[in-house]
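Take a look at the structure below.
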Amino acid sequence: VQLQASGGGLVQVEGSLRLSCAASGRTVSSIGMGWFRQAPGKEREFVAGISGDTTSYTASVKGRFTISRDSAKNTVYLQMNSLKPEDTAVYYCAARRTYLGTWTYWGKGTQVTVSS
């Protein structure tokens with residue numbers, strides 16, 4: 001599985017961005033897909049995931065971020081609204097071999113910077 005993330009950029013506080021993760025090698029609807037992020041000096045953390053019809057989010061983004069997928073485009077999205085400076089990080093797309101299990105495949109990150 002190869003993953004290509006895009007859509008990062010510089011945005012002001014309370015702004016929005018949509019990240020995209022284009023996958024090849026497997027269909028995104030048949031495996032677990034997720035977004036992680038890593039801020040400077042911090043460990044990489046889980047942000048959101050989608051497996052089948054189930055979505056999950058870390059507490060700090062619930063109600064602001066939405067993960068979705070487009071099977072026709074084999075792409076997973078992360079819609080980020082009401083962005084805060086603490087959302088600034090490099091965002092990574094990841095995939096599992098199945099719906100559950102370890103995150104096996106990783107894409108290159110895309111930088112999101114939220115300015116106050």
**Item:** In region 55-65, the residues that are more than 18 Å from S16 (Cα to Cα) and assigned to a strand (DSSP E or B)
**Value:** T55, S56
**Request:** Determine whether region 65-77 contains at least one residue that is free of Cβ contacts under 8 Å to residues at least 40 places away in the same chain, open to solvent by 30 Å² or more (accessible area, probe 1.4 Å) and closer than 19 Å to V114 by Cβ.
**Result:** yes
**Search result, residues across region 5-29 that are outside any strand (DSSP E or B) and either closer than 22 Å to S82 by Cβ or of a type in the set (G, A, S) (or both)** = G7, G8, V13, E14, G15, S16, G25, S29
**Prompt:** Of (1) out of contact with any strand residue (DSSP E or B) (no Cβ under 7 Å at 6 or more places or on another chain); (2) surrounded by 15 or more Cβ atoms within 10 Å (Cβ to Cβ); (3) farther than 17 Å from V1 by Cα, L19 satisfies all except one. Which?
**Reply:** (1)
**Top-ranked residue of region 30-54 - restricted to ones that are over 18 Å from A5 (Cβ atoms) and either of a type in the set (D, E) or not in a loop (DSSP other than H, G, I, E, B) (or both), ranked as least open to solvent (accessible area, probe 1.4 Å)** = S51
**Tally, over region 78-101, of residues that are under 13 Å from S30 (Cα atoms), touching a helix residue (DSSP H, G or I) at 6+ places or on another chain (Cβ under 9 Å) and open to solvent by less than 50 Å² (accessible area, probe 1.4 Å)** = 1
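The values are calculated or read from the model by the stated rules, or taken from the named source; none is laboratory data. What you see is a predicted model; the values in this text were computed from it and never measured. FYI the Cβ positions are ideal-geometry reconstructions off the backbone, even for glycines, and counts take in every protein chain you see. Just so you know, the surface numbers come from the protein's heavy atoms only, side chains and all, with ligands and any DNA or RNA stripped out. Shrake-Rupley method; radii C 1.70, N 1.55, O 1.52, S 1.80 Å.
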